[in-house]
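Student: My structure is below; once you've seen it, I'll send some questions.
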Amino acid sequence: MSLNTAIPTLEGDAQFGAYVAQPEGTPKAAIIVIQEIFGVNPGIRQKCDKFAAEGYLAVAPDLFWRLQPEVSLDPDVESEFQTALDLMGKFNQDAGIRDIEATIHHIRRTMGVAKVGCVGYCLGGRLAYMTAARTDIDASVGYYGVGIDGLLGEKHAIAHPLMLHIPTADGFVSRETQAAMHEGLDDHPKVTLHDYEGLDHGFATEHGKRRDEAAANLADGRTAAFFVEHLG
């Protein structure tokens with residue numbers, strides 16, 4: 001595993017690992033990269049490396065550390081996919097958000113970067129929405145977040161910009177869920193939704209069968225522009 005930093009919990013009674021990619025020179029801002037159900041795997045670390053190449057400090061916290069530290073799974077291997085689903089079922093999302101908040105504090109107070117955004121994928125897309133609603137993160141992006149319709153009651157608490165990428169043929173997010181997201185969020189002044197017609201879950205992954213090159217580049221370009229605008 002390539003976790004190279006330890007971050008203290010909010011309570012200060014433990015610490016968890018994270019992968020950190022440093023840019024050349026002074027970071028223009030920081031971006032927390034929130035894992036899928038597959039842990040801080042090579043694809044998530046590559047996302048961090050790409051953001052670092054764009055001048056950001058990129059940090060991917062190990063959110064499954066309470067269940068199994070240093071999870072790194074391949075979604076294209078069926079047994080590892082099933083392991084990921086099992087971890088997802090056991091994962092305490094509220095604790096995960098507290099760990100993301102601890103990561104925000106660590107970046108600002110210890111690493112010295114004031115502006116902090118986040119981007120999450122799959123489970124991380126859901127957590128990015130929750131982070132936007134429950135913390136003072138400066139900007140958030142979620143790719144194919146699951147179950148966001150059940151979190152719409154928290155939308156009033158979203159005070160900073162949030163962008164959500166929604167593939168319309170997502171096998172984990174029904175059309176009804178997508179419709180509820182649009183109905184609940186289209187008029188929110190801080191939220192932008194982008195649909196990707198005919199695309200499935202995981203289309204912007206760095207590695208593997210799920211990636212759609214054109215759609216990934218389109219979504220990632222929108223994300224890059226969003227962070228330039230809101231993280232400055």
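The values are calculated or read from the model by the stated rules, or taken from the named source; none is laboratory data. Just so it is clear, the model here is predicted, and its values are computed rather than measured. In this analysis, Cβ positions are derived from the backbone assuming ideal geometry, glycine residues included, and neighbour counts consider all displayed protein chains. Remember, those area values only see protein heavy atoms, side chains included, never the ligands or the DNA or RNA. Shrake-Rupley method; radii C 1.70, N 1.55, O 1.52, S 1.80 Å.
Student: Give all pairs with beta carbons closer than 6 Å in which a residue from segment 140-155 that is on the phi > 0 side of the Ramachandran plot meets a residue that is open to solvent by less than 30 Å² (accessible area, probe 1.4 Å) and assigned to a helix (DSSP H, G or I); count only pairs at least 6 apart in sequence or on separate chains.
Tutor: TYR144/GLY125
Student: Among the residues of segment 131-146, how many are in a helix (DSSP H, G or I), buried (at least 23 other Cβ atoms within 10 Å of the Cβ) and hydrophobic (A, V, I, L, M, F, W, C)?
Tutor: First, the residues of segment 131-146 that are in a helix (DSSP H, G or I): 131-134.
Remaining after also requiring buried (at least 23 other Cβ atoms within 10 Å of the Cβ): 131-132.
Add one more test, that the residue is hydrophobic (A, V, I, L, M, F, W, C), and what stays is 132.
Residues meeting the conditions: 1.
Student: Could you tell me which of the residues ALA6, ALA18, ALA53 is closer than 29 Å to ALA225 by Cβ and in contact with a strand residue (DSSP E or B) (Cβ under 7 Å, 6 or more places away or on another chain)? Give the steps one after another, and end with the answer.
Tutor: Working: ALA6 fails: closer than 29 Å to ALA225 by Cβ; ALA53 fails: in contact with a strand residue (DSSP E or B) (Cβ under 7 Å, 6 or more places away or on another chain).
Exactly one residue qualifies, and that residue is ALA18.
Student: State whether one or more residues within segment 105-115 are modelled with pLDDT of 95 or more and closer than 24 Å to GLU206 by Cα.
Tutor: No, that holds for no residue.
Student: Inside segment 175-219, can you point out the residues that are assigned to a loop (DSSP other than H, G, I, E, B), open to solvent by 30 Å² or more (accessible area, probe 1.4 Å) and small (Gly, Ala, Ser)?
Tutor: Of everything in segment 175-219, those that are assigned to a loop (DSSP other than H, G, I, E, B), open to solvent by 30 Å² or more (accessible area, probe 1.4 Å) and small (Gly, Ala, Ser) turn out to be GLY198, GLY208.
Student: Among the residues in segment 176-187, are any of a type in the set (S, T, N, Q) and under 29 Å from ALA114 (Cα atoms)?
Tutor: Scanning segment 176-187, I find no residue that is of a type in the set (S, T, N, Q) and under 29 Å from ALA114 (Cα atoms), so the answer is no.
Student: Could I ask something else about it? Go through segment 158-174 and count every residue that is open to solvent by less than 40 Å² (accessible area, probe 1.4 Å) and either part of a strand (DSSP E or B) or aliphatic (A, V, I, L, M) (or both).
Tutor: Of all residues in segment 158-174, those open to solvent by less than 40 Å² (accessible area, probe 1.4 Å) come to 158, 161-168, 170, 173.
Going one step further and asking which of them are either part of a strand (DSSP E or B) or aliphatic (A, V, I, L, M) (or both), we end up with 158, 162-167, 173.
Final tally of qualifying residues: 8.
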